[in-house]
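Comments concern the structure below.
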Amino acid sequence: DVAPGDYLGQWKKLPVGEEESAEEKAIREKADEINKEKAERVQASLTMITYLFDAIAESGFSDVTNVDVTDRLNMKIVYENRLLLELGTEADMPYKLELLKVIITEELEPEARGRLSAANAKDKKVLFTPAEDYIRAESGQENEPDPDTDGDTTEEENDTSEADTDENA
């Protein structure tokens, strides 16, 4: 009988569970291993995000509208909802962002849309792909004729340009 003010379970012996079977133990150990791996991936992602945000702040970048660190070998940010900046790994991140900032402010039109790849920024080269070419390539339509040109294309229309910053360095 339980009376008001009694401490429940204090004097009772709680039943001890049965020992787990080898199968249950294997399942529990596998679940523990998976949870540990997930925790390590989350920690690595948080470390990358922190490093990336520190580099963004250090370089003075503003108007970053999206960050993607799902691929540790090619981190990406979206600038002003108009430029996808592919950064590669975290190596030389502040330098890559500084280089991209110079290219965006000094070499691109203010309303330019597309992708800038700075994965090989150590060579002081950044590849720019206009949005229409990038979208066409991503959708698998890169070989289809442009309806505005009736299938007649020029090299300039299909070419991606490379911003060489040796002159600006």
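The values are calculated or read from the model by the stated rules, or taken from the named source; none is laboratory data. The structure presented is a predicted model; accordingly, all values stated were derived computationally and were not measured. Every residue, glycine as well, gets a Cβ built from its backbone with ideal geometry; the counts of neighbours run over all protein chains shown.
So here's what we get for this one:
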quantity: Failed condition for T105, given (1) over 19 Å from A121 (Cα atoms); (2) of a type in the set (V, I, T); (3) loosely packed, with under 11 Cβ neighbours inside 10 Å; calculated: (1)
quantity: Leading residue by the ranking (nearest to F128 (Cα to Cα)) among those in the range 65-117 that are assigned to a loop (DSSP other than H, G, I, E, B) and among the hydroxyl-bearing types (S, T, Y); calculated: T89
quantity: The listed residue being in contact with a helix residue (DSSP H, G or I) (Cβ under 9 Å, 6 or more places away or on another chain), at pLDDT below 90, closer than 30 Å to A121 by Cα and not charged (D, E, K, R), out of S45, S59; calculated: S59
quantity: Pair list, Cβ under 6 Å, 6 or more apart: the range 74-91 residue under 10 Å from A119 (Cβ atoms), other residue of a type in the set (S, T, N, Q) and surrounded by 15 or more Cβ atoms within 10 Å (Cβ to Cβ); calculated: E86/S117
